[in-house]
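The values are calculated or read from the model by the stated rules, or taken from the named source; none is laboratory data. In this text the structure is predicted, and so the values were computed from the model without any measurement. Positions of Cβ are backbone-derived with ideal geometry, glycine not excepted, and every protein chain shown enters the neighbour counts.
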């Protein structure tokens with residue numbers, strides 16, 4: 001009887017300790033959310049100033065400051081295909097004061113394009129919210145005798161190996177989008193890598209390459225000027241910026257080469273802090289004035305819950321891993 005009493009007492013003591021630890025952990029998270037933020041917050045952009053990611057982060061910083069009651073600053077840490085900036089955030093304290101403006105590279109494509117990342121893409125970064133989708137658009141040089149996606153596919157099949165598609169470089173979203181199109185359309189087209197989208201645009205206008213699937217935000221002025229011809233947007237539905245241009249999905253069911261931009265924090269950041277950040281971001285992206293500015297840049301603003309964004313990251317990883325492997329691109 002004494003042994004039973006002792007066992008029951010030990011179990012009670014253990015359970016009480018566990019319950020106490022859980023309560024302490026929850027209390028710490030609530031406290032963290034209550035006092036957060038108590039100092040300036042930094043959004044790290046893993047690219048040089050002036051690009052779309054940098055512009056968007058700066059566009060969001062002021063309204064985020066108002067939502068959170070603290071200064072939000074943007075700091076650029078370019079290099080290494082966005083891995084330098086991502087590594088900086090991964091190694092920062094997990095307290096919600098250092099946020100990564102995340103493009104597909106750090107978590108979605110770099111794991112399959114780089115032999116060794118200085119962090120674990122699936123464990124070291126936690127999504128806070130989606131910021132936007134960056135639609136890509138299928139463009140052809142004006143001299144190519146095609147006026148639709150169906151006509152382009154038919155032309156490529158009649159002329160195997162003679163259609164070149166330009167990209168901003170091996171592993172760039174424009175490269176992977178072209179490879180996805182090549183596979184889904186079952187056509188033989190040749191990849192021509194450049195050092196940036198600007199060079200692709202020049203050669204597309206000049207007819208040195210025949211097509212490209214690249215960022216709508218980059219090509220929109222040239223499309224409107226008639227320098228290049230847009231055949232389809234690379235998202236499941238038409239783009240608000242080009243409502244007259246059909247989706248590639250109309251011809252190739254399931255085609256989607258939209259690049260997602262989102263915000264992440266170091267793993268271990270308290271859930272209550274992530275939720276507070278998420279709420280602020282959702283409110284900022286719901287502002288019609290900000291949405292209008294983002295639409296003008298070729299973006300589709302769209303916030304999300306942390307869980308929804310994490311699910312999207314996993315889905316995008318699986319899709320682009322297959323595209324990269326099928327393309328023959330080797331990790332470097």
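Of the residues making up region 163-181, those that are at pLDDT 95 or above and either more than 22 Å from the chain's Cα centre (by Cα) or surrounded by fewer than 18 Cβ atoms within 10 Å (Cβ to Cβ) (or both) are 163, 164, 165. Would you call residue 288 modelled with pLDDT of 95 or more and surrounded by 15 or more Cβ atoms within 10 Å (Cβ to Cβ)? No; evaluated as a whole, the condition is false for this residue. Of everything listed in (1) over 20 Å from residue 310 (Cα atoms); (2) touching a helix residue (DSSP H, G or I) at 6+ places or on another chain (Cβ under 6 Å), the single unmet condition for residue 69 is (2). For region 283-307, a residue qualifies if it is in contact with a strand residue (DSSP E or B) (Cβ under 9 Å, 6 or more places away or on another chain) and without any contact (Cβ under 8 Å) to a residue 12 or more places away in the chain, and the qualifying residues are 291, 307.
Name every residue in region 222-236 that is part of a helix (DSSP H, G or I) and either within 12 Å of residue 139 (Cβ to Cβ) or within 23 Å of the chain's Cα centre (by Cα) (or both), in order of residue number.
Narrowing region 222-236 to residues part of a helix (DSSP H, G or I): 222-225.
Within region 222-236, 222, 223 meet the criteria.
For region 186-221, give me the residue count where each residue is in a helix (DSSP H, G or I) and surrounded by fewer than 20 Cβ atoms within 10 Å (Cβ to Cβ).
Looking only at that region, the number is 8.
Taken together, the residues in region 30-52 that are modelled with pLDDT under 65 and surrounded by fewer than 16 Cβ atoms within 10 Å (Cβ to Cβ) amount to 2.
Evaluate region 150-158: report whether one residue or more is surrounded by 23 or more Cβ atoms within 10 Å (Cβ to Cβ), part of a helix (DSSP H, G or I) and modelled with pLDDT of 95 or more. Don't jump to the end; show me each part of the working.
So the first thing to find is which residues in region 150-158 are surrounded by 23 or more Cβ atoms within 10 Å (Cβ to Cβ), and the list is 152, 156.
After this cut, where a residue has to be part of a helix (DSSP H, G or I) as well, the list is 152, 156.
Then keep just the ones that are modelled with pLDDT of 95 or more; that gives 152, 156.
Checked against the condition, which is being surrounded by 23 or more Cβ atoms within 10 Å (Cβ to Cβ), part of a helix (DSSP H, G or I) and modelled with pLDDT of 95 or more, region 150-158 yields at least one hit.
For region 88-115, filtering for residues that are surrounded by 21 or more Cβ atoms within 10 Å (Cβ to Cβ), more than 18 Å from residue 306 (Cβ to Cβ) and modelled with pLDDT of 95 or more leaves 0.
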